[in-house]
Amino acid sequence: MRKLAVVAAGGTGGHLFPAQALAEALIARGWTIVLASDERVAGLAGDFPAERRIGLSAATYRPGDPIGMARAGFAVFRGATHARALYREIGPHVVVGFGGYPSAPALVGAILDKRPTVIHEQNAVMGRANRMLAPHVATVACAFPTLLKAPPKVAGRAVVVGNPVRPPIRALFDEPYTPPTSDGPVRLLVTGGSQGARLLSELVPEAVARLSEPLKRRLVIQQQTRPESMETARRIYRNAVVDAEIAPFFRDMAGRLAAAHLVIGRSGAGSVCEFAVAGRPSILVPLAIALDDDQGQNAKLLADVGGAEVAREHQLTVDSLSGALEKLLNNPARLARMAAAARSVAIPDAAERLADVVEKTARGQVVARA
């Protein structure tokens, strides 16, 4: 009999990448996948391995906006009604949600139909949509050992599986980290993040320009930069005589991570877990406007073991970043220790662990924290 899973995920990479990794793991086990999202689903996730994509009505709201809350509730109810009708047509064995408001209708429909359900929380702080739905689903899986803001009973039964990463990133777990030599190139990778990217786009080039001349001569920089900041970054690096590649987006992130000696980036859940799996030392800059400081809590996974340095936005200056880079990039032994520490908290087989949880839930087995 065909095994069918509905995977519900929103339109951001933070939700879609782990959802896609799970889908690929389940397909390898003989499952068929249906992707459910909000009504924009037809225009996103072009390479998501789903037999079918369905768009469900959904909406979000701002806290303290009762009219917006009512509209969002009606949209989710309409989407859940659509989902229930679809489930009676296709008969999914399990529905898996990855958070964000686009996943809510699919999960609400499954809960009302009493179908097996799984939620996966990518962040160290449980998101608002997952927080509301988690008490009603069969199984809660999470990426981090801590699950802040979760209802106590939910946190107590949540299963830590890690954050599923893309296969090319997973392969880096088996590749050793090689620190820079005393006279060889020093490779710095700067990732952007979809939110609050201007800070890194503009501050990192200025900080690099203030490094010592011997270090600048050895630097090879690859930096994701907002389109409107690209020319300024190129000019600063050119004037500083620093070898730099600037682009708004890098497709081959695995290859670039593999070559990097140090990474600077935001601390979204996916980034933190990818840096851990790849075993790369990092400077993490949590997004200050993130709800519930989820990025700051994510960063603690690496910072607490010495795998990353954390620079809060209100403390970050050109001089402080330049000083941190000068110390780290001239200390290969410390970079190697940070790399080993980052890898020590990685869960490279997170997709397989989550697939195990999904299959057990589909069979009606209780899955809880060990």
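Result for the chain in a Gaussian network model with C-alpha springs under 10 Å: among Phe144, Phe77, Phe173, the largest mean-square fluctuation is at Phe77.
3J(HN,Hα) along the stretch 68-84: x, 5, 5, 5, 5, x, 5, 4, 5, 4, 5, x, 5, 4, 4, 4, 4 Hz, from the Karplus curve 6.51 cos²θ - 1.76 cosθ + 1.60 with θ = phi - 60°, whole Hz, x for Gly and Pro.
Under 5 Å between amide hydrogens, built in the peptide plane, is the criterion, and for Gly192 it picks out Gln224 among residues at least 5 positions away or on other chains.
Per residue, the average separation of C-alpha pairs within less than 8 Å and at least 6 apart gives the chain a relative contact order of 17 percent.
Amide H contacts of Val186 (H built 1.01 Å from N, in plane; Pro and chain starts excluded): Leu219, Val220 sit under 5 Å, all sequence-distant by 5 or more or on other chains. Highest mobility in the GNM of the chain, judged by mean-square fluctuation with C-alpha springs under 10 Å and restricted to Ala278, Ala244, Ala106, is found for Ala244.
For the chain, what does -39500 (n - 2.57) per DSSP helix run (n ≥ 4), summed and divided by total residues, give at 222 nm, in deg cm²/dmol to the nearest 500?
-13000 deg cm²/dmol
Which lysines, if any, have their Cα less than 26 Å from the Cα of Lys216, not counting same-chain residues under 8 positions apart? Counting by Cα, and skipping residues close in sequence, Lys216 has these lysines nearby: Lys327. Here the stretch 213-252 and the stretch 295-370 have alpha carbon centers that stand 25 Å from each other.
Between the amide H of Glu245 and those of Ile221, Gln222, Gln223, distances stay under 5 Å, these residues lying 5 or more places away or on another chain, with hydrogens modeled in the peptide plane.
Within the straight-line cut-off of under 28 Å between alpha carbons, the lysines reachable from Lys114 are Lys3, Lys149, Lys153, Lys360, sequence neighbours fewer than 8 places apart in one chain being disregarded. The label point for Arg52 and the one for Arg337, both projected 7 Å from the Cα toward the Cβ, are 5.6 nm apart. The loop-placed chymotrypsin sites (Phe, Trp or Tyr not before Pro) in the stretch 215-324, going by DSSP, that have at most 14 neighbouring Cβ atoms within 10 Å of their Cβ come out as Phe249.
None of the figures in this text is laboratory data; all of them are computed from the coordinates on show. These numbers were taken from a predicted model, which means no experiment stands behind them. Quick reminder, even Gly has a Cβ in these numbers, built from the backbone with ideal geometry, and neighbours come from all protein chains shown.
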